[in-house]
Every structure is written in structure tokens, then in C-alpha cells.
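K.L.:
Handing you a structure now.
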Amino acid sequence: MNKQYPLLSKFKVTFTLILILGISACSEPVSYDLIFRGGTIIDGSDGEAYQGDLAINGDQIVAIGQLDDASGEIEIDASGLVVAPGFINIHSHAVGDALPTAVNMISQGVTTEIMNSDGYGPVDINTQFDSYRQNGLALNVGGFIGFNSVWSEVVGTENIRPTQVQISQMQDIIRVGLEAGSWGVSAGLDYVPGYYATTEEVIAVLEPFAAWNVVFANHDRVTPESGYSSVTGMTETITIGEEAGLIPLVTHMKVQGWEQGKADEILEAMRVANTSNSEGAVADVYPYLAGQTGLAALIIPSWAQAGGRDAMLERFRDSELRASIIEEAEASMDLRWGGPSGVFVGGQQELTDIMNDLETDSHGEAVIRILEESDNGVILRFGSEEDLIKIMQHPSVSIACDCDAAQEGEPVHPRYWGTFPKVLGEYVREKGALTLENAIYKMTSLPAKTIGIEDRGLLKPGMAADITVFDPATIIDHATFDTPTARPEGIEYVVINGEMAFSNGVATGVQAGEVLSRALP
């Protein structure tokens, strides 16, 4: 027909174009609540960065690309800035008091925290998170169900074997926690009373949950029997996950003390692990060569901690037991942290200086005397940067801070204020250990994928509007062990569920956070 009637064909095309233009002229221009204009989009997928605009309506991302014809109620020039998904911290120890503000986390670009790490936290998840909703949340929160708390609830704090009835009771508590939306089971088998559970007992408790496709996140057990081998402890975590059918998550991964240089060995064991996860075992890591815990927790032998603090102090008063405790405490410090020089007490004083003050050459004796006066926190130095970089580079390792929303002036470890900016400033920009795209992936969609969060961690239409915008040229941490609460720089904007939580370097005080629950399988 076109060949026979060329003028008619041309008329139809012209009429169609006029009709389209007429409809367009009558249409309302596209309008959004918020547009970030001209930023470098790093979408969390580990794909290449690109220039574009990002638009938000309500609590969702609705458009990404060149939105020249659109307008926003608020428009922010993001030229020269990176627009990324909000960072997801899957290892948090938050207890609730600072969650209504969470300035230290939001100023790092964190929009979601997953709590109850290392086996701790309430066993009643519903009550825990109901209270957080009532008090207001500055950022999103979710939680694990803590193995140590469950063990303590059912078996207690003594080193005794659980009965089959008690194993069933622990399974019931974990099942209720998972049904309430927990993102997996966390454990701290290096800490009493989880330390008392045998590998076989942990597997027996967890076996009914193989079909849930959840993680078993464990602070690895490092024992005198293994020569204080962190590699052996991490291998146990992998074994428990394989045998119980959960995804093993080696949490705040590190190669300690005398085993420094063996990162490749344990990373290969993770890669070949027989799990439901295609990438094998998974892990998280923070960018520091020292950790923080209680002074007694990893130094005083587990048998001496049985029954709680009063029972421990009673053992200190027995001269024979005291000698044994000192011997084991010194072996732990020597093999895990390089001796007393690896121990920094209360974030204020080197253990070596305290030894001088106490006029003792025994670092085990010095620790006991400190504990006889009061409980103390401690910074423990453990590893090498070469191992740390290899761990960070491993494809299934997320970045997490092992910290939490904290009140002003509370923390004594710089990771509470510096973790995510430190990775982006030091290990991406300055040292080139990670690409910017890969680092963002390890802070966003990888941790989301690791525990099963489906609506966050990526920039694409339909995802929750959790956004972090930062300057890649200036982002850096400033917190140190001497000044652990110094604020980072470079984070410009943080949006949580569509609301501006951080703007031009200042927290806005909005409480837009939500409780995130895992869907039932």
C-alpha cells in the first residue's frame, strides 16, 4: 500500500507525530519528591559507575538516569559526588539507647544495622523491636537470634551438658525468633557460656533450621587446646554451617597472633565450603588491626568464668586456681595478641604501663588485679595488614563495623565512627586495595544478599530509598584509638526511607528508620 499511496503514508506519519506532540503538550511534567542531579551513580551491583540523576517519591527510588525533563520538590546538585545505596552494617551491638539518634552510624553513611551479634541480645525478639519502634529509630534495624542468650536461658552459665529436652527447648526459642523475623542465628562460641557448647551440640541445636536458608554468624572459638588457633576456630564455624545446613558466616574475620600470614588458608576453606550459598562460606570484616571486648572475656580461661563474676572472683582468691588462671591468661595474651604490649585497657592505658604501676612483671597477675577492682573494656591488637587486605578483597566478605549506634563519648574503639569512611578513603583512594565500585558492593548489596534483605542494597526503581551520597575525593575517617569519637568527613547526604537523615554534614534528627524483618521461608 505504501508504494501505491506514498502521499497517504506520509500523511499518516505526520498526523501521528502531531498527535504524539499534542498529547505530550497536554501532559503534566514529571515531578518527584527529591532528585539528586548529576551524581556518579554506583548502584551497589559491583558494576561500573556512570553519571546520572536519581529520583525518589515517598520511601522508594522511582527513577534513575537522565531526568532532564523532570522536576523535584527538592533538587540537590550531586556533581562530583557519589550516589550509592545506604550502607548496611550486618554486625551491630546496639542495645537501643542511641537508636533514636544514631549520629555515629548515620555520619558514616550507614542506614541499616543488624543487631544481636556474637550470640547476644534478648531471646524475645518481638518485645525487643517493639520497644525500639516506640522510642523512635533514626535508621533501620533488624536482628539475629543469639545462640549464647538461648543457651544461657536454657542451660545456664555453668559448663554442663544439655539434655535432649534442653536441646529441644533451645530449638523452640530459636524457631520463635526466626518466625519473628530474625535474619539468622548469631553465636559467640569464644564467649562464655557459648564456649561451653561442643561443636556437635551446636549442630544439634541448629539442624532443624536447614530449610530456612539463614546464616550462622559466629565469633570463632579460639581455644588453648588448638594452641589458640584462629584458623581452627574459623574452620569450626564453617563445619557447623555445613553440618547443620545453615550458611556459615565468619564474623569480624581476622587471623590472629602467631598465625598471621595464613589468610589464604582460611579463605580457600571458605571458598570450597559445602553450603547452600553458591559462594561457599561468607564473612564480614572491619578495617582495623585491633578489636574491643571485655577484659575478662578472651583472657581469663572459660572454666574460671563459669557461674559469673562473683564465682570468678572467688577463684581468684584461691592461690592454686589463681596460679592456673595466670598461666592460661598469659598464654592467651602471648599467642593471640603478642603479649602484654597487645593489650590496651579501658581505651586509656597500656597493660605494660599498668604492670609498672602495680610493680609486677606478670601480665596475667596484672589482669586479675584490674578485674578484682572492676570490669573493664579492652582493646586487643591482633593481626597484619597483609591479611586484612586479602580478607577484604575476598568476593564473599562484606564490610561491617562490629559497632553500633552509640551515645556521644561512649565508644573507645575508632570503628564506631570511622569504619566505612576508612575503607573508602584509605583502602580505596589511598591504597587502591579495592575499587570504589567493589567497596560499595561490599557495604551494600553483598551484606544484603548475605542475610537475605531483598529491598535494600541496590539503586534501582522499586527499592527502598536508602541513599548515601559522599565525596570520593575527601571521604576519610578521623577517629583514632586516642580520639575514638572524632567524626569522619566526606559523607554529604544520607536518606533513610525517603527522608533526609543527614545533610551537608549534619544529622537532621528525623526518625525515619524501620524494623526490618525477614520473610518466612
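K.L.:
Condition first: touching a Leu at 6+ places or on another chain (Cβ under 9 Å) and either buried (at least 24 other Cβ atoms within 10 Å of the Cβ) or among the aliphatic types (A, V, I, L, M) (or both). Now tell me which residues in segment 197-219 satisfy that.
P.N.:
Result: Ala197, Val202, Leu206, Ala210, Val214, Val215, Phe216, Ala217, Asn218, His219.
K.L.:
Quick one: Asp118 ticks every box in (1) more than 29 Å from Ala306 (Cα to Cα); (2) of a type in the set (D, E, K, R); (3) within 18 Å of the chain's Cα centre (by Cα) except a single one, so which number is it?
P.N.:
With respect to (1) more than 29 Å from Ala306 (Cα to Cα); (2) of a type in the set (D, E, K, R); (3) within 18 Å of the chain's Cα centre (by Cα), Asp118 is out only on (1).
K.L.:
Please count how many residues of segment 445-464 are basic (Lys, Arg) and either free of Cβ contacts under 8 Å to residues at least 24 places away in the same chain or surrounded by fewer than 22 Cβ atoms within 10 Å (Cβ to Cβ) (or both).
P.N.:
2
K.L.:
For segment 481-521, give me each residue that is surrounded by 22 or more Cβ atoms within 10 Å (Cβ to Cβ), aliphatic (A, V, I, L, M) and out of contact with any Leu (no Cβ under 9 Å at 6 or more places or on another chain).
P.N.:
Ile491
K.L.:
Between Val222, Val192, which is crowded, with 18+ Cβ neighbours inside 10 Å, in contact with a Gly (Cβ under 8 Å, 6 or more places away or on another chain), in the same structural domain as Glu158 (by TED's automatic domain parsing) and not in a strand (DSSP E or B)?
P.N.:
Numbers: Val192 fails: in contact with a Gly (Cβ under 8 Å, 6 or more places away or on another chain).
Residue meeting the stated conditions: Val222.
Let's see how each residue does on (1) of a type in the set (D, E, K, R); (2) without any contact (Cβ under 8 Å) to a residue 40 or more places away in the chain:
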| site | (1), (2) |
| --- | --- |
| Met234 | no, yes |
| Glu279 | yes, no |
| Ala290 | no, no |
| Asp310 | yes, yes |
| Arg317 | yes, yes |
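K.L.:
Say whether the condition of being within 30 Å of Asp59 (Cβ to Cβ) and not β-branched (Val, Ile, Thr) is met by at least one residue in segment 168-175.
P.N.:
No; the residues of segment 168-175 include none that is within 30 Å of Asp59 (Cβ to Cβ) and not β-branched (Val, Ile, Thr).
K.L.:
Further, regarding this structure: Can you tell me which residues in segment 150-172 are closer than 14 Å to Tyr195 by Cβ and either part of a helix (DSSP H, G or I) or not assigned by TED's automatic domain parsing to the domain that holds Thr198 (or both)?
P.N.:
Trp151, Ser152, listed by residue number.
K.L.:
List the residue pairs whose Cβ atoms are under 8 Å apart, where the first residue sits in segment 358-371 and is not assigned by TED's automatic domain parsing to the domain that holds Ile300, the second is not in a helix (DSSP H, G or I), and the two are 6 or more positions apart or on different chains.
P.N.:
Final answer for the pair search is none.
K.L.:
Anything in segment 225-259 that is in a loop (DSSP other than H, G, I, E, B) and under 23 Å from the mean Cα position of the chain (by Cα)? List them, or say none.
P.N.:
Filtering segment 225-259 for residues in a loop (DSSP other than H, G, I, E, B) gives 227-229, 245-246, 251-256.
If the condition is that a residue be in a loop (DSSP other than H, G, I, E, B) and under 23 Å from the mean Cα position of the chain (by Cα), then Gly245, Leu246, Thr251, His252, Met253, Lys254, Val255, Gln256 are the ones that fit.
K.L.:
Within the bounds of segment 207-222, is there any residue that is over 29 Å from Gly156 (Cβ atoms) and touching a residue at least 40 places away in the same chain (Cβ under 8 Å)?
P.N.:
Yes: one or more hits.
K.L.:
Evaluate segment 345-361: report whether one residue or more is at pLDDT 95 or above, among the acidic types (Asp, Glu) and surrounded by 16 or more Cβ atoms within 10 Å (Cβ to Cβ).
P.N.:
no
K.L.:
Further question on the same structure: What are the residues in segment 124-149 that are at pLDDT below 95 and within 19 Å of Val192 (Cβ to Cβ), if any?
P.N.:
None - no residue of segment 124-149 is at pLDDT below 95 and within 19 Å of Val192 (Cβ to Cβ), so the list stays empty.
K.L.:
How many residues are in a strand (DSSP E or B) and in contact with a helix residue (DSSP H, G or I) (Cβ under 7 Å, 6 or more places away or on another chain) if we restrict to segment 471-490?
P.N.:
Matching residues across segment 471-490 total 1.
K.L.:
May I ask you to verify whether Ala180 is in contact with a Gly (Cβ under 7 Å, 6 or more places away or on another chain) and surrounded by fewer than 21 Cβ atoms within 10 Å (Cβ to Cβ)? Let's see the steps before the verdict.
P.N.:
On the way: in contact with a Gly (Cβ under 7 Å, 6 or more places away or on another chain): no; surrounded by fewer than 21 Cβ atoms within 10 Å (Cβ to Cβ): yes.
Here the answer is no, as Ala180 does not meet what is asked.
K.L.:
Considering Val397, Val412, which residue is assigned by TED's automatic domain parsing to the domain that holds Glu268, within 26 Å of Trp337 (Cα to Cα) and at pLDDT below 95? Let's see the steps before the verdict.
P.N.:
On the way: Val397 fails: at pLDDT below 95.
Exactly one of Val397, Val412 is assigned by TED's automatic domain parsing to the domain that holds Glu268, within 26 Å of Trp337 (Cα to Cα) and at pLDDT below 95, namely Val412.
K.L.:
Does Gly245 satisfy the condition of being within 19 Å of Asn159 (Cβ to Cβ), in contact with an Asp or Glu (Cβ under 8 Å, 6 or more places away or on another chain) and not aromatic (Phe, Trp, Tyr)?
P.N.:
Answer is no for this residue.
K.L.:
Then there is this: Taking the criterion of being closer than 30 Å to Arg456 by Cβ, of a type in the set (D, E, K, R) and crowded, with 19+ Cβ neighbours inside 10 Å, would at least one residue in segment 124-132 satisfy it?
P.N.:
Checked against the condition, which is being closer than 30 Å to Arg456 by Cβ, of a type in the set (D, E, K, R) and crowded, with 19+ Cβ neighbours inside 10 Å, segment 124-132 yields no hits at all.
K.L.:
For the structure I just gave you, tell me whether Gly121 is at pLDDT below 95, in contact with a Phe, Trp or Tyr (Cβ under 8 Å, 6 or more places away or on another chain), under 24 Å from Gly452 (Cβ atoms) and not in a helix (DSSP H, G or I).
P.N.:
Considered against the rule, which asks whether it is at pLDDT below 95, in contact with a Phe, Trp or Tyr (Cβ under 8 Å, 6 or more places away or on another chain), under 24 Å from Gly452 (Cβ atoms) and not in a helix (DSSP H, G or I), Gly121 comes out as no.
The values are calculated or read from the model by the stated rules, or taken from the named source; none is laboratory data. Remember, it's a predicted structure, so these values are computed and weren't measured experimentally. All Cβ positions, glycine included, derive from the backbone under ideal geometry; neighbour counts span all protein chains shown.
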